[in-house]
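Asks: Attaching a single structure in structure tokens format; questions to follow.
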Amino acid sequence: MSASRRRLRVLAAAGGVVAALLVAETVLRIAGPALHAPRIDSYAFLKLSEDPARLHWGFDPGVISWHAWDGDPYDTLPPGERMDYDDVDARGLRGPTPPDDGLPRVLFVGDSFTFGEGVRREDTFVERVGARLREQGTDVRPRNAGVPGYGTFEASLRLPALLESEAPAAVVLVFVPNDPIHVSDAFGRDDDLLKRGGVSPWTPRLVAVVRRALRDAERTRETEAWYLEHYFGAQRPAWLRAQEALLDMQVRCAEAGAAFGVAYFPLLHAVGEPPLDRIADEVRAACDAVEIPFVDLTPALEDGDEQRLWLHPVDHHPNARAHRLVAEPLAAFAADLLARSRR
């Protein structure tokens with residue numbers, strides 16, 4: 001065979017491959033699995049000075065934070081797939097500052113789950129708990145002191161000022177499995193079981209689908225191991241420090257006459273199943289050891305379809321439905337704490 005004919009065959013074969021790839025790309029864009037861009041966000045965070053060695057964030061009251069998504073496939077997001085958090089008061093709490101009317105205040109501290117990323121304020125479990133208690137004849141003022149990015153240590157730093165300004169009768173720390181993990185350790189992770197990377201609209205769909213098929217299972221196992229490492233492995237000192245923070249919060253609340261308790265809110269990933277179910281048992285045991293009241297919200301979320309609880313395919317924060325599901329056990333827990341309060 002002549003050299004020119006071989007070149008023609010090579011060119012024809014290459015052309016066939018290119019044509020096949022183009023067809024596959026077209027089919028995937030039209031009828032393939034949905035691929036979403038990463039969430040866009042703008043948070044007005046400040047780095048405060050209580051502990052320069054760790055990030056301790058608060059809100060800049062002069063700037064409105066927001067999130068935006070590339071669509072609403074689960075029908076959970078506000079119109080326009082954008083949430084503007086314009087309801088944060090001057091103290092950095094979500095919601096209007098209540099009047100000083102003598103009603104007992106229940107203070108919820110925690111991270112983005114408590115704050116309610118992507119969820120209207122009236123649909124957050126904080127507001128729903130207040131409504132539920134009022135239905136049961138207990139009029140309270142729920143206060144949402146959740147700050148996205150906070151862990152247990154940061155919450156403990158902020159608590160003394162909140163105890164003074166809010167004078168709550170009860171304090172509920174909503175504990176999420178990533179709370180002992182320093183926020184800077186989570187930066188740069190493509191997958192922390194709360195966010196699932198996302199794909200640029202310019203990425204070839206064929207590349208994205210193949211990459212996801214090859215990496216998703218392995219990436220999930222690596223991320224699960226990363227979480228467990230902070231409780232049972234090389235990073236366990238982070239959990240031990242979080243336990244110290246829990247004890248400090250318990251003591252400070254007792255000194256202020258407020259009842260203190262911990263509510264465990266699982267990641268919306270294999271809810272109640274191995275391997276992350278070990279974390280709930282570990283947190284419960286730590287609370288039991290120092291007599292901190294504890295409630296596990298996992299049973300309220302075990303409905304067999306985690307996607308129904310997500311904000312978005314690339315954003316697995318709890319949506320309004322998840323907030324509603326946990327409100328009932330949280331209301332009962334808050335009522336029990338109020339009965340223990342000395343205020």
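Asks: For V171, are the conditions met, namely being assigned to a loop (DSSP other than H, G, I, E, B), of a type in the set (A, V, I, L, M, F, W, C) and in contact (Cβ under 8 Å) with a residue 12 or more places away in the chain? So that I can check it myself, show each step before the final result.
Replies: On the way: assigned to a loop (DSSP other than H, G, I, E, B): no; of a type in the set (A, V, I, L, M, F, W, C): yes; in contact (Cβ under 8 Å) with a residue 12 or more places away in the chain: yes.
Judged against the criteria, V171 is not a match.
Asks: Shifting gears a bit: Taking the condition of being under 18 Å from the mean Cα position of the chain (by Cα) and not in a loop (DSSP other than H, G, I, E, B), how many residues in the stretch 68-80 meet it?
Replies: Count: 1.
Asks: Here is a follow-up. Of these, G71, G146, which one is in contact with a Ser or Thr (Cβ under 6 Å, 6 or more places away or on another chain) and under 24 Å from K195 (Cα atoms)?
Replies: Only one candidate qualifies: G146.
Asks: Only residues that are in contact with a helix residue (DSSP H, G or I) (Cβ under 8 Å, 6 or more places away or on another chain) and either part of a helix (DSSP H, G or I) or open to solvent by 50 Å² or more (accessible area, probe 1.4 Å) (or both): list them for the stretch 132-153, please.
Replies: Listed by number, the residues that qualify are R132, L133, Q136, T138, D139, R141, T152, F153.
Asks: Taking strands (runs of 3 or more DSSP E) that fall entirely within the stretch 259-320, which contain at least 2 residues that are buried (at least 18 other Cβ atoms within 10 Å of the Cβ) and without any contact (Cβ under 8 Å) to a residue 60 or more places away in the chain? Please lay out each step first, then the result.
Replies: Numbers: elements: 259-264, 294-296, 310-312, 315-318.
Of the strands (runs of 3 or more DSSP E) lying wholly inside the stretch 259-320, those with at least 2 residues that are buried (at least 18 other Cβ atoms within 10 Å of the Cβ) and without any contact (Cβ under 8 Å) to a residue 60 or more places away in the chain span 294-296.
Asks: Still on this structure, please answer the following. Can you name every residue in the stretch 97-121 that is open to solvent by 30 Å² or more (accessible area, probe 1.4 Å) and more than 22 Å from L338 (Cα to Cα)?
Replies: If the condition is that a residue be open to solvent by 30 Å² or more (accessible area, probe 1.4 Å) and more than 22 Å from L338 (Cα to Cα), then R120, R121 are the ones that fit.
Asks: Moving on. State all residues of the stretch 232-250 that are of a type outside the set (D, E), open to solvent by 30 Å² or more (accessible area, probe 1.4 Å) and closer than 28 Å to S341 by Cβ; if no residue qualifies, say none.
Replies: R241, Q243, L247, Q250
Asks: Could you please find all residues in the stretch 70-84 being under 28 Å from A145 (Cβ atoms) and free of Cβ contacts under 8 Å to residues at least 24 places away in the same chain?
Replies: Listed by number, the residues that qualify are P79, G80, E81, R82, D84.
Asks: Within the stretch 87-96, identify whether any single residue is at pLDDT below 95 and touching a Ser or Thr at 6+ places or on another chain (Cβ under 7 Å), and answer yes or no.
Replies: Yes: one or more hits.
The values are calculated or read from the model by the stated rules, or taken from the named source; none is laboratory data. From a predicted model like this one, the values you see are computed outputs, not experimental measurements. Positions of Cβ are backbone-derived with ideal geometry, glycine not excepted, and every protein chain shown enters the neighbour counts. For accessibility, only protein heavy atoms count, side chains too; no ligands or nucleic acids. Shrake-Rupley method; radii C 1.70, N 1.55, O 1.52, S 1.80 Å.
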